[in-house]
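Heads up: the structure comes next, in structure tokens.
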Amino acid sequence: MKLITRIALLFCIGGGLQTHAQSFLRWADEFNGNTLDSNNWEIQLGDGCPNLCGWGNNELEWYKKEAIEVKNGYLNIKAKKEKTGNSTYSSGRIRSLNKFDFTCGTIKVSAKLPIGRGYWPAVWFLPSDAYWGTWPLSGEIDLLEGKGQEPKTIYGTIHYGAYAPNNKYATSSYTLSQGNFTDSFHEFSLDWTKDSIRWYVDGVLYASKDRSMVKDFSWPFDRNFHWLINLAVGGNFLGYPDATTPDSAYFVVDYVRVYQNLENTIISGPSVLMKNAWQSTFYVPNLNGATYRWEVPTSASILSGNGTNSVQVNWGQQTDSINVTINYDGKSKTLYKTVIVKPDSCYGIIDDAESIRNFYWVGGTGTYRASVTNPSKDSMNSSMFCNRYYRNGNIAYDVLYIQAKSINNTLPFENGTLKLKMKVYTTAPIGTSINLNFENRAKATKDYPSGRRSVLQAITTKTRAWEELTFSLILKPDVSTPAQDIDQLVILFAPNSNSTDVYYIDDIALELSPCNGSNSLGDIQKYTQPLAIYPNPFSTIFSFSNEQFVESISMYGLDGKIYFENRNKQNYVDELASIPEGFYLLKIITQNQIVFKKIQKLHE
């Protein structure tokens, strides 16, 4: 039986060994005993269908519980050629989601790999909360991947970028000078910080990736991830078994360990927020026996979680920092995180293609490039860099998908409290329209107008010269999508055309209007008065201006007749069509008050 103790960690950085006296073993599985520890792992089953058939890689295996064995201090994952489910091979896959999730640290795995064409062992990490969006926006870290037909070589990779097929990855390999990874155990390690990831084999550094490599996209590797260990069979990464492939193979793991250090621990959470943003989550590692004391600016407040590793915060009016003091194992460390508030005045730039980044390309039908040289400096825009988009002339409604985490509520843009501005240089003629859609991505995969909450528009007045455009509301195609459920912005340059013009964009900014302190974005988000209902009169459906704060709805006739009471936002819609024409009284219970509104019903 293997024994390990709390130690001062030695690990290699840049070829030299360094000692970190405060490093501690936070989590490990030595695979002692005769069963897989269910406190650490969940066994995944099947072939990924219906949502991810072939596990997204056209793999051949069906994962089953029986392929996982813990014996003699080892985890054994067996792949076997046999008809299982709808697959021709069986194998095993485990993960630590919601059992052990973590950010940063030094990770060590001792393993012996299988041999045979088409066998694909992997130790890897996926995000636990998909903060930036679905794969690969929120990232993937591959500590170890092997190809059974290449027994001397292993691979280390990160995945990130835009939605497929525009997804990106950066990979490196390590090849043994003698022997195979299938012959004996080797130690595979990661040194993961908030800005970089380094890969080692037996203490030898062979790869390094850092934040600067993904400048066109968000760097997603500063939030919680979880373990996955599996043995796949076949797929896009390495091809498929052939006549030389053994009918079975084993991926054997001796141990997995995570070391962390209070000196290198970080606060995970948003770095950019809107004024008075509600319910933002910040967290640090959940250390057994630790105490936590959080502090926020005087204009902010902690909603819940103080004294734990995770807090929910209502932010304030200004750029400031949040801090937490962690006391653990006789040591104390105070961590700080700066949170930028936009706009922090009446006018605030949220993306300048240089030092301020908040708009990230995540997909589209044209060609986008971040931080290119300004094509024509002038008095309107003298900056060095901007973003560029070549419109696809083969598509009438060419689209550019943007991720902007600080913009998730369209209501202030709809009512004019907040204006979005953008500097544009284009070869398109004067009078070209640019539309900006506020959407919910999951709903928008369905036919129009589903998920398309609102559309803002600006019209160009110059060609081949910089100008600042202000976007104004022109349409609300789907008011059934809540205003606060926006997770995707879509830009349409010259919609319903076959233009092939180029568009340079820069200095994307938000402007409060009016800006007098008492009628700011924060007031709109925080309080439910005035609460508007639209359309009024209505026929079969209506919405609320601050729908996120509505908890229940009751409807009465002016004669006192009750049509429905205490319904939530999803359960009253079907009854509106059958209600007779006339005037009604709504009783609306919000998070902090009761509001009565008179509303008129008309036939369609």
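The values are calculated or read from the model by the stated rules, or taken from the named source; none is laboratory data. Computed from a predicted structure; not experimentally measured. Quick reminder, even Gly has a Cβ in these numbers, built from the backbone with ideal geometry, and neighbours come from all protein chains shown.
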Review point. Within region 310-323, how many residues turn out to be over 17 Å from ASN288 (Cβ atoms) and assigned to a strand (DSSP E or B)?
Key: 8
Practice item. Evaluate region 459-475: report whether one residue or more is of a type in the set (Phe, Trp, Tyr), within 28 Å of the chain's Cα centre (by Cα) and in a strand (DSSP E or B). Key: yes
Check your understanding: Mind checking which residues of region 537-562 are assigned to a loop (DSSP other than H, G, I, E, B) and either touching a strand residue (DSSP E or B) at 6+ places or on another chain (Cβ under 8 Å) or closer than 18 Å to ASP485 by Cβ (or both)?
Key -> PRO537, SER539, ILE541, PHE542, SER545, ASN546, LEU558
Exercise for review: Among the residues of region 165-182, count how many are assigned to a strand (DSSP E or B) and buried (at least 19 other Cβ atoms within 10 Å of the Cβ).
Suggested key: 1
Revision key, fill the gap. Flagged in region 120-164 as in contact (Cβ under 8 Å) with a residue 60 or more places away in the chain, assigned to a strand (DSSP E or B) and among the polar types (S, T, N, Q), in numbering order, are none
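Only residues that are outside any loop (DSSP other than H, G, I, E, B) and in contact with a Lys or Arg (Cβ under 8 Å, 6 or more places away or on another chain): list them for region 444-458, please.
Step one: of region 444-458, the residues outside any loop (DSSP other than H, G, I, E, B) are 444, 452-458.
Listed by number, the residues that qualify are ALA444, ARG453, SER454, VAL455.
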Review point. Looking at region 67-90, is at least one residue assigned to a loop (DSSP other than H, G, I, E, B), touching a residue at least 40 places away in the same chain (Cβ under 8 Å) and buried (at least 22 other Cβ atoms within 10 Å of the Cβ)?
Key: no
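For LYS405, indicate whether it is surrounded by fewer than 19 Cβ atoms within 10 Å (Cβ to Cβ), modelled with pLDDT under 95 and more than 25 Å from ASP352 (Cα to Cα).
Working: surrounded by fewer than 19 Cβ atoms within 10 Å (Cβ to Cβ): yes; modelled with pLDDT under 95: yes; more than 25 Å from ASP352 (Cα to Cα): no.
Answer is no for this residue.
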**Study point:** Long-range neighbours under 7 Å by Cβ, at least six apart or interchain, first residue on the phi > 0 side of the Ramachandran plot within region 415-437, second part of a strand (DSSP E or B) and of a type outside the set (Phe, Trp, Tyr)
**Key:** GLY431/ILE459
Practice item. Could you name every one of the strands (runs of 3 or more DSSP E) located completely within region 183-267 that has at least 2 residues being more than 29 Å from the chain's Cα centre (by Cα) and buried (at least 21 other Cβ atoms within 10 Å of the Cβ)? Key: 248-261
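Does GLY305 meet the test of being at positive phi, outside the structural domain of ASP129 (by TED's automatic domain parsing) and without any contact (Cβ under 8 Å) to a residue 40 or more places away in the chain?
yes
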Review point. From TYR368, TYR389, which residue is of a type in the set (Phe, Trp, Tyr), under 23 Å from the mean Cα position of the chain (by Cα), buried (at least 20 other Cβ atoms within 10 Å of the Cβ) and assigned by TED's automatic domain parsing to the domain that holds SER497?
Key: TYR368
Revision key, fill the gap. Selection from region 282-309 of residues surrounded by fewer than 19 Cβ atoms within 10 Å (Cβ to Cβ), modelled with pLDDT of 95 or more and outside any loop (DSSP other than H, G, I, E, B) yields THR291, ARG293, GLU295
Point to revise | Failed item in (1) farther than 18 Å from THR338 by Cα; (2) in contact with a strand residue (DSSP E or B) (Cβ under 8 Å, 6 or more places away or on another chain), with ASN288 passing the rest | key: (2)
